[in-house]
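Taking it in order: structure first as structure tokens, then the write-up.
The values are calculated or read from the model by the stated rules, or taken from the named source; none is laboratory data. What you see is a predicted model, and the numbers here were worked out from it, not measured in a lab. Glycine gets a Cβ as well: all are built from the backbone with ideal geometry, and neighbour counts include every protein chain shown. These area figures cover heavy atoms from the full protein model, side chains too; ligands, DNA and RNA do not enter into them. Shrake-Rupley method; radii C 1.70, N 1.55, O 1.52, S 1.80 Å.
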Number of protein chains: 4
Amino acid sequence: MAKAKVAFSKEYLVVAQNASGRDLNVPVYKFKSNLPGPKVYLQSSIHGAEVQGNIVLFHLLKHLQGADLRGEITLVPNCNPVGSNLKSGEYTLGRFDPVNGQNWNRAYHYDKDLIAQYANSINPDSDIDKIKTEYRSKLKVSIEKKLNNIWGLGLAECLNLKLQKMALEADIVLDLHNGPVSTRHIYVPEYAQHSAKFFNIPNVILIPNVFSGALDEATFCPWWSLKNALQEKFPEKEWDFGVEAFTVEMGSQEVIEFEAGVADSISILTYLSHKKCFVTKQYSPKEMIRRAVYLKDYKVMFSQFGGMVEYVAKPGTVVEKGGVLARVLNIDELDNEKATFEVIAPCDLIPILHFPSASVFGGTQLYKCFTNYFEL
Amino acid sequence: MAKAKVAFSKEYLVVAQNASGRDLNVPVYKFKSNLPGPKVYLQSSIHGAEVQGNIVLFHLLKHLQGADLRGEITLVPNCNPVGSNLKSGEYTLGRFDPVNGQNWNRAYHYDKDLIAQYANSINPDSDIDKIKTEYRSKLKVSIEKKLNNIWGLGLAECLNLKLQKMALEADIVLDLHNGPVSTRHIYVPEYAQHSAKFFNIPNVILIPNVFSGALDEATFCPWWSLKNALQEKFPEKEWDFGVEAFTVEMGSQEVIEFEAGVADSISILTYLSHKKCFVTKQYSPKEMIRRAVYLKDYKVMFSQFGGMVEYVAKPGTVVEKGGVLARVLNIDELDNEKATFEVIAPCDLIPILHFPSASVFGGTQLYKCFTNYFEL
Amino acid sequence: MAKAKVAFSKEYLVVAQNASGRDLNVPVYKFKSNLPGPKVYLQSSIHGAEVQGNIVLFHLLKHLQGADLRGEITLVPNCNPVGSNLKSGEYTLGRFDPVNGQNWNRAYHYDKDLIAQYANSINPDSDIDKIKTEYRSKLKVSIEKKLNNIWGLGLAECLNLKLQKMALEADIVLDLHNGPVSTRHIYVPEYAQHSAKFFNIPNVILIPNVFSGALDEATFCPWWSLKNALQEKFPEKEWDFGVEAFTVEMGSQEVIEFEAGVADSISILTYLSHKKCFVTKQYSPKEMIRRAVYLKDYKVMFSQFGGMVEYVAKPGTVVEKGGVLARVLNIDELDNEKATFEVIAPCDLIPILHFPSASVFGGTQLYKCFTNYFEL
Amino acid sequence: MAKAKVAFSKEYLVVAQNASGRDLNVPVYKFKSNLPGPKVYLQSSIHGAEVQGNIVLFHLLKHLQGADLRGEITLVPNCNPVGSNLKSGEYTLGRFDPVNGQNWNRAYHYDKDLIAQYANSINPDSDIDKIKTEYRSKLKVSIEKKLNNIWGLGLAECLNLKLQKMALEADIVLDLHNGPVSTRHIYVPEYAQHSAKFFNIPNVILIPNVFSGALDEATFCPWWSLKNALQEKFPEKEWDFGVEAFTVEMGSQEVIEFEAGVADSISILTYLSHKKCFVTKQYSPKEMIRRAVYLKDYKVMFSQFGGMVEYVAKPGTVVEKGGVLARVLNIDELDNEKATFEVIAPCDLIPILHFPSASVFGGTQLYKCFTNYFEL
């Protein structure tokens, strides 16, 4: 078996400019093997407070140093230098642009028309690899056109597009996030459901072919849509482009844990190993119960009151219908029976994450929950 | 000519609850005539820093006290008690929910399917007034269903829906806003272009039948869509429901000016007078040049740099292609010719508003501009 | 033994007005016994994100309902309606006025000159109780004078003074706080060191007679200073006014725990029982190691770098000189030995609290630590 | 007359590190003449939203290129890279550390004991220049000791001390600020009152020898105190160290104006010319009325209500007792005579600056005003 020769590089990509007129850049670590294999792109901390992914990339990088890699792996830690550095009080206000509220993970590019148009240009005996190259080149042009708009571009959009230009080249894209107070979970496109069991992650959300602005969707929707278009047009052929993309939620925001990051990195290496990113198999998936929901069954429980909340139900635990999710204190009624009340589970569910602060206004996302979940 | 008898009422509507568990309410001032006429709904300050509209409602209310009103006018000043009270530094962080970045003016309700469904139930000789009543009742049920969701509702959505329930009853809806540093302008649905000349507002943006979450769209899109569906189905009849909705931008945020508010209120009274909201005509529109653009030609100029900006071009003035919009200081190059540079107009344009701070990151909305504008 | 007759009342005190012109008030729960005894004042959440104290007051209140109280106890939960409701991202920006950065617990009143002046008016055979009444009345006038300033008063100062007017009447004042991520600890004036062992709190900070703006200091400094002045002037008499004040830190901010609050309330009841606030003894102090430091030995460890931090040393644990406090990730050096480094304890210490976010700029309070601590 | 030979240099000083672990630096522009003369230090934007000073430094720098300089001038624009880049909404949250509320201009170093100690070491025939050198060296050691604290240092303190180390070397220190909405004014130490007339600034605040943390105080208090100590000890000798420091308020925050900056720079050059910083006189002071107050008469008018405010009295204009300062709208009383009320001047005054937002809580600094002012 051939031993891989792997070239390593570290570069910096300028993604923004601050009010002092200084360039803000992100580090781009790249391992490139002489052996053919999938191209992989990983980034972390597009939401500035979601930092555990950086630890995961650190452990991955250590593993890759000396690993028998095939193909190519690109790692972009701390990929949002604006969001990562925006403090408001002691916490990091990293989920949206402080100027306009734009979510940092909702301005990736998706051009529905381009897909339809390109699908029309394909004939049934086109070579899959050639299609991939050609399609990528068209998607890239489409992104670059946006980046070069004479009227400029919004900050989040500009950041997203510059990252997406790199991610676009990859067959496998992993966007590392955290929930507020959260158990580990992963977003998987429905067509790649079979891949979910190669991650050591017990909670799986299966998402449809709908673009809402995130990197995983921006990565797989064009290929999924193209496949659908071609499959319908030329049903006799199996159209598989081998592109998969995931949003991986590595626990709670505002926290890094080096030790937990080792397990997180092994989870990813197990999947990559399955995808033949290494000459030799690295890890086997852990035996564990993996529960899944369709996105429509991943429910938000909003507060229907303002007050102070104890989150009684812990993320990842099963709660039956009628069980207590949260207990609320009402400071105006401490002397009577309305002093406290409970938030009750409206059906059987598994809370996956909850709001990180005890103080809530009405209309706050208290919990996000699996309902109608099933074992994978 | 009959003299109107007008009943006045003031009530409070609870729209949210804060973290202390206290109800947050908005005042609802209502004038109701015994004479038939249009129902009008006005609100101000859904974006908490945009406060001039409150002054305008104050002057309107003074005018209405004793006026010969027909129909009904509802005034809801300071309609967002969360956004109005959120300070961050000396300014009001009132444009979006501080928790999740949700724009306070983007969570109104629109149900495309309901429209199609309802259109199908109409026959060509249905009475317009009966349709209006029935349709409103269906829209209301649709909103209430959302409000009563067992899983709850987001804060902005809840606020928006409670206001929309009131606005829904009106034939005329005016949502009073301000730009950052801004000249007066108004958003008008394309089909109501003829109404634009009854406001004393020199800059008019004509918007298509597309719902993006704002109150004006949430108000007119259902009627416009219904009209389109019926017109196509029964072309022989003229389907006109007489509903109009506008977003009116009353100058710059963070500022109130009592005197300027008088003119603003007269501008609105002029339009209402034209719509027969009064027994006797109140005001005639001012002779003035009114310039309009289609929404697609209302362009955002983003900064393609970070730095300190002097906004050279003043809102409302004509700038020719190649003219200077802004001048930028680069603090790292004060000793050489790169110390300053200019932002140039890429085409003939009229800046309508600009960013309110000299300090900008790359990707900031420097200006919003009329291009390809024309006289109304 | 006489059974107490206890009157209960609930009132609301207006402490501020928001930008909507609405009064903001705090609930004031009061238990007043017909039997003589100390007056006690407790408040919680002057820092808006420090919410556990509200739970403690809830449990206290439940205990007091039916208890054999002597004297009087006033409970003011959620005493800062501005700070409690200021969200920035998902967290509560409750430590300072968002407009000007003023710490909500640093604007209480202290008038050095008044103390000196009053001390001069005392003769050696003045009655202690009469002095207390008279002195309180002078302090009250001094506060009211400030509150009635024709030029007005800052928001934090106004809030603080209105609360202080109530606290001023009490012999015992407890201000309930939380640390960021924190073990339980208490601030005790040096002269009341003997009282520390009546709380079930393992970590005690002994503070000198220095006023820095906080409520505990504002409460005891005037009495401590008066005592010192009189003791020096009339050394033959023991001048003891029996006033004690504490800042009690009930764990971590942003969190409420009903169960833990029971223990917290018992800790306070134990102290109050010792101070003869009840006809019958309620609780005995728990046997536990209580460690103390002088304030000068309660050290802040600042970050001397920016980066992502894992807080290795847990609050409340003993760390020896040279032990690891924290581990830091450097995202620009993931490929080499500078990828991580450790923050080391410069001496034997006990970390009491640490910063609640993994992301830190240089100059951030990483830890606050006991050094040179001793057993009480 | 000798022509000066002036060396120019540009360097960068690292003053902080962000959460990405990246160094944050400030540019340091320096002109050094071969001819003896005063050392001058200027900085701008320590409060991140106060940006006009950067324009002034730009114009000064252009003037200095080729000027007949004596001594040495150091220019540090945009001297707070943290504050300058902290957006919250559209504005810059640049007045305090977002983590802890620490004002960026209140953590400079002042060591009272060192002064007393050093004064004791002086004998009456010590040479002034030697004293200056020796004293500076001691102050520098004192700052460096703080910077090298094994426990680290707070972010604002660290930034301040690094800047102060440069400012310490200068005889003349100018710290360029802006007010919120403000007319131009200047803070002048009482002993340097005669220098006020060399600036073209109509409003002068005379400040006493009290250290409150700002750079101007940190600069002049040590010298003023030393002078006082020596003057008392050796009254026969005139102890003058020739050190002056000013906080110059160049109009309103959040705004840059290139043209206005030219006049601002001429104002400063006029003063510097008077202080013999140039071989030939550059400018003469403008004839203008200069009004002054003692700091105790520079009054803050706080809002005693929450609501929406029109700032009727413009900064820099004379308002008589009883005149209208502001007009307030009360949205809950639009239908009656309490809809609006006025804020009245309690005495003759000149408003110098006002709050930049119409929306105020109770306890907001509405205006800062000259009272008991006099002509210089």
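Tell me, which residue of the stretch D:321-376 that is among the charged types (D, E, K, R) and part of a strand (DSSP E or B) is nearest to the other protein chains (Cβ to nearest Cβ)?
Per the stated criteria, the residue is D:R327.
For the stretch A:339-372, the set of residues classified as within 23 Å of B:C158 (Cα to Cα), aliphatic (A, V, I, L, M) and touching a residue at least 24 places away in the same chain (Cβ under 8 Å) consists of A:V343, A:A345, A:L353, A:A358, A:V360, A:L366, listed by residue number.
Does the stretch B:215-242 hold any residues that are within 13 Å of the chain's Cα centre (by Cα) and open to solvent by 10 Å² or more (accessible area, probe 1.4 Å), and which are they? Answer for the stretch B:215-242, where residues must be within 13 Å of the chain's Cα centre (by Cα) and open to solvent by 10 Å² or more (accessible area, probe 1.4 Å): B:E217, B:T219.
Going by the structure shown, is C:L159 within 14 Å of another protein chain (Cβ to nearest Cβ), of a type in the set (A, V, I, L, M, F, W, C) and surrounded by 23 or more Cβ atoms within 10 Å (Cβ to Cβ)?
So C:L159 passes the test.
Of all the residues in the stretch C:97-154, those that are open to solvent by 60 Å² or more (accessible area, probe 1.4 Å), of a type in the set (K, R) and away from every other protein chain (no Cβ under 14 Å) number 5. Considering the stretch C:53-96, the residues that are under 22 Å from C:S212 (Cβ atoms) and among the small types (G, A, S) include one that is surrounded by the most Cβ atoms within 10 Å (Cβ to Cβ), namely C:G53.
Within the bounds of the stretch B:302-315, is there any residue that is among the hydroxyl-bearing types (S, T, Y), farther than 26 Å from A:G21 by Cα and modelled with pLDDT of 95 or more? No, the stretch B:302-315 contains no residue that is among the hydroxyl-bearing types (S, T, Y), farther than 26 Å from A:G21 by Cα and modelled with pLDDT of 95 or more. Looking at the stretch B:324-355, which of its residues are open to solvent by less than 20 Å² (accessible area, probe 1.4 Å) and more than 21 Å from B:P180 (Cα to Cα)? Correct list: B:L329, B:I331, B:D332, B:L334, B:A339. Just checking, does the stretch B:201-222 include any residue being closer than 14 Å to B:R291 by Cα, outside any strand (DSSP E or B) and not acidic (D, E)? Yes - at least one qualifying residue is present in the stretch B:201-222. Taking the criterion of being without any contact (Cβ under 8 Å) to a residue 60 or more places away in the chain and more than 8 Å from chain B (Cβ to nearest Cβ), the only residue of the stretch D:73-84 that qualifies is D:G83.
Of the residues making up the stretch C:138-187, just one is polar (S, T, N, Q), part of a helix (DSSP H, G or I) and within 30 Å of C:L376 (Cβ to Cβ), namely C:Q164. Within the stretch A:45-63, none of the residues are of a type in the set (D, E, K, R) and away from chain C (no Cβ under 13 Å). Check the stretch B:55-72 and report whether any residue there is among the β-branched types (V, I, T) and either closer than 16 Å to B:H177 by Cβ or without any contact (Cβ under 8 Å) to a residue 40 or more places away in the chain (or both). Within the stretch B:55-72, one or more residues are among the β-branched types (V, I, T) and either closer than 16 Å to B:H177 by Cβ or without any contact (Cβ under 8 Å) to a residue 40 or more places away in the chain (or both).
Residue count for the stretch B:243-272, restricted to those that are open to solvent by 40 Å² or more (accessible area, probe 1.4 Å) and in a loop (DSSP other than H, G, I, E, B): 2. Take the residues in the stretch A:168-190 that are within 21 Å of A:I143 (Cβ to Cβ) and of a type in the set (D, E); name whichever of them is most open to solvent (accessible area, probe 1.4 Å). Within the stretch A:168-190, the match that is most open to solvent (accessible area, probe 1.4 Å) is A:E169. Condition first: of a type in the set (S, T, N, Q) and either touching a residue at least 24 places away in the same chain (Cβ under 8 Å) or under 30 Å from D:A313 (Cβ atoms) (or both). Now tell me which residues in the stretch B:217-272 satisfy that. Selection gives B:T219, B:S225, B:T247, B:S252, B:Q253, B:S265, B:S267, B:T270. Selection of first residues in the stretch D:16-32 that are within 14 Å of chain C (Cβ to nearest Cβ) and more than 17 Å from A:C79 (Cα to Cα) and of second residues that are among the acidic types (D, E) and open to solvent by 40 Å² or more (accessible area, probe 1.4 Å), restricted to Cβ pairs under 9 Å at least 6 apart or on distinct chains, gives the following pairs, ordered by first then second residue: D:A16/D:D23; D:Q17/D:D23. Residues that are of a type in the set (V, I, T) and buried (at least 17 other Cβ atoms within 10 Å of the Cβ) within the stretch C:273-300 comprise C:V279, C:V293, listed in sequence order. State yes or no: is D:K165 free of Cβ contacts under 8 Å to residues at least 40 places away in the same chain, surrounded by fewer than 17 Cβ atoms within 10 Å (Cβ to Cβ) and more than 14 Å from chain C (Cβ to nearest Cβ)? Judged against the criteria, D:K165 is a match.
Within the stretch C:304-318, the set of residues being open to solvent by 20 Å² or more (accessible area, probe 1.4 Å) and of a type in the set (G, A, S) comprises just one member, C:G316.
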